[in-house]
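The values are calculated or read from the model by the stated rules, or taken from the named source; none is laboratory data. Predicted, not measured: the structure shown is a model, and the values here were computed from it. Positions of Cβ are generated from backbone atoms using ideal geometry, with glycine treated the same way; all protein chains shown enter the neighbour counts.
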Amino acid sequence: MNRTIIRGVKGLKRVFSLKVNSKADTGIGTLIVFIAMVLVAAVAAAVLINTAGQLQTRAQTTGSQTTQQVASGLGIQSIYGQDSNISTPEAGLIEYMAIYVTPNAGSSPINLGNVTVSLTYQGFSASLTYGPENGTGAHANSYISYHSALGGTANVFNLTYFSSINGSKNGSTHFALLGVSNSTKSITGKYPVVQPGDEMAILINVSAVFGGKSSGAINTGIAQGQEVSGKVSPQTGAPAAISFTSPIAYTTRVIQLQ
């Protein structure tokens, strides 16, 4: 009987033993590490999703701006010049120029009041801006550098259109504008904004621009067979290139140059 009691006590000791189970500890530790990894992965996924959303928004904005930048700009439809000699064009020089421009298809609106026209002729370069607002006189606070020919005109080179740039001071540094088509109703003298479908003529007094350069180095106008280059540059978007060689003989008063 004593032996039976002794075996029972030993059995109870085995059942209620507090000996550490190393396998159980390893399993719990692995579970804790696994849970921690899941939490870290969840946080990382949330950060990645948020960052991806921001990058997508930025990419769309940048893409839209780039597309607009590429599409925006001006195109030159044609360039005409007026000969200074009415009776004998062959003996004259181009004294006035009209550059017909229109926005490119898909272009954003362009304010021609902020455009710069650069011209190079016989080694001399000029940079022209839109005629300033009139500060005094009968035309104070107005823009006589802008005229409208939306109803049509018999003569683009009517001196009235060039009145604000006929003097050597304004004519050598500024250009005037003549509205030809204003389908979007966005063109005014103060804000000459053109959109696709509109057309404007940029008027330049060539005699004033190049006539006073280097004491007679250039005659007061563009002679026959001469190269002229330059560009019409808006604030944003692609500029329009000016590149032509004047005819080797002038036979009419008005001559197409480009």
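Miscellaneous remarks
- Test: residue in segment 196-209 that is touching a Leu at 6+ places or on another chain (Cβ under 7 Å), in a loop (DSSP other than H, G, I, E, B), at pLDDT 90 or above and within 18 Å of Ser84 (Cβ to Cβ): no
- Test: Ile86 is at pLDDT 55 or above, under 30 Å from the mean Cα position of the chain (by Cα) and under 30 Å from Ala208 (Cα atoms): no
- Where Pro109 falls short, out of the listed (1) farther than 23 Å from Gln258 by Cβ; (2) at pLDDT below 90: (2)
- Checking each residue in segment 233-248 for being surrounded by 16 or more Cβ atoms within 10 Å (Cβ to Cβ) and either assigned to a strand (DSSP E or B) or outside the structural domain of Ala91 (by TED's automatic domain parsing) (or both) picks out Ser233, Ala238, Ala240, Ile242, Phe244.
A quick yes/no check of all residues on (1) modelled with pLDDT of 85 or more; (2) closer than 30 Å to Ala208 by Cβ; (3) basic (Lys, Arg); (4) assigned to a loop (DSSP other than H, G, I, E, B):
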| position | (1), (2), (3), (4) |
| --- | --- |
| Thr30 | no, no, no, no |
| Val40 | yes, no, no, no |
| Thr51 | no, no, no, no |
| Arg58 | no, no, yes, no |
| Thr62 | no, no, no, no |
| Leu74 | yes, yes, no, no |
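- Inclusion of Thr251 among residues that are surrounded by fewer than 15 Cβ atoms within 10 Å (Cβ to Cβ) and not in a strand (DSSP E or B) is warranted.
- Residue among Thr245, Thr160, Thr251 that is of a type in the set (Val, Ile, Thr), closer than 14 Å to Tyr96 by Cα and more than 21 Å from the chain's Cα centre (by Cα): Thr160
- With respect to the conditions (1) within 27 Å of Asn182 (Cα to Cα); (2) modelled with pLDDT under 95, Thr136 falls short on a single one, namely (1).
- Residues in segment 210-232 that are crowded, with 17+ Cβ neighbours inside 10 Å and at pLDDT 95 or above: Val228, Gly230, Lys231, Val232.
- Contact map, segment 96-112: first residue at positive phi and part of a loop (DSSP other than H, G, I, E, B), second residue of a type in the set (Ser, Thr, Tyr) and surrounded by fewer than 24 Cβ atoms within 10 Å (Cβ to Cβ), Cβ cut-off under 9 Å, separation 6 or more or different chains; pairs are Gly106/Thr67; Gly106/Ser72.
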